[in-house]
Structure formats: structure tokens, C-alpha cells
Amino acid sequence: MMKVGEGQPCHPEVPGRQRLFLVEHYVPLLDEQRALALSRGLDGAAAKLRRVGRQIRWLETLALLDDEVCLSLFAASATAEVNDVNRRARIDYDRVLVVTRVVPPT
């Protein structure tokens, strides 16, 4: 049986009571270089916010090259934090979703 949450951290890199957020970005002409630039921008913006006490961390980005879409995963205390990172990085996004990590039993 699969476990959903059950008191486990929502991701190995997510401290405390933060939640996981998935951000969908449409990126015309997406290639590996654009995906890397997007990821660096998000990571840098999140790092700047953490230095001033905000609770957000960029975890990873998956690039769907054929679909021209990037899916970025964040650990944050609120949707507002995720929105702020994307604005500060000057990266357009289509939507922000709260997600749940489903893990196999150990």
C-alpha cells in the first residue's frame, strides 16, 4: 500500500510544516539551456528571500522539452512566497498548485 504523507516530511529537503508547491511555466522554444537559466533564476530568487527570513526553497525543475513546459517544485510556507520568487526572478508562470508527495512503503 502506498503512503500519502502520514507524518512523513513532504519532501526530504522540506523542513518543519512547510508544504510543497508545483509551479507550471510555459516556456516558448524550451531547450536545456532555457530550463537551466529558469532554474538558476528561481534558485537565486529563493536564496535572496531566505536571507531576509522568508521560508522558501526551490527544490527542482522538470523540463518537458517537447511540450515547452517546466514544472518547478518549491518548499514554502505559503503560496505568496512562491508567487514572490517567480516575480523576483522575472519568470512568467501559469499556475501554482499545492501538491502531496506519495511515497512507496519502506
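The table below lists the values:
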quantity: Residue in segment 32-44 that is in a strand (DSSP E or B) and either surrounded by fewer than 17 Cβ atoms within 10 Å (Cβ to Cβ) or in contact with a Lys or Arg (Cβ under 9 Å, 6 or more places away or on another chain) (or both) present; calculated: no
quantity: For Arg57: the one exception among (1) part of a helix (DSSP H, G or I); (2) among the charged types (D, E, K, R); (3) surrounded by 15 or more Cβ atoms within 10 Å (Cβ to Cβ); calculated: (1)
quantity: So Lys48, is it out of contact with any Leu (no Cβ under 8 Å at 6 or more places or on another chain), surrounded by fewer than 15 Cβ atoms within 10 Å (Cβ to Cβ) and at pLDDT below 95; calculated: no
quantity: Number of the exception - Val82 against (1) under 10 Å from the mean Cα position of the chain (by Cα); (2) over 12 Å from Leu22 (Cβ atoms); (3) β-branched (Val, Ile, Thr); calculated: (2)
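The values are calculated or read from the model by the stated rules, or taken from the named source; none is laboratory data. Just so it is clear, the structure is predicted and the values come from calculations on it, not from any experiment. So basically every Cβ, Gly included, is an ideal-geometry build from the backbone, and we count neighbours across all protein chains shown.
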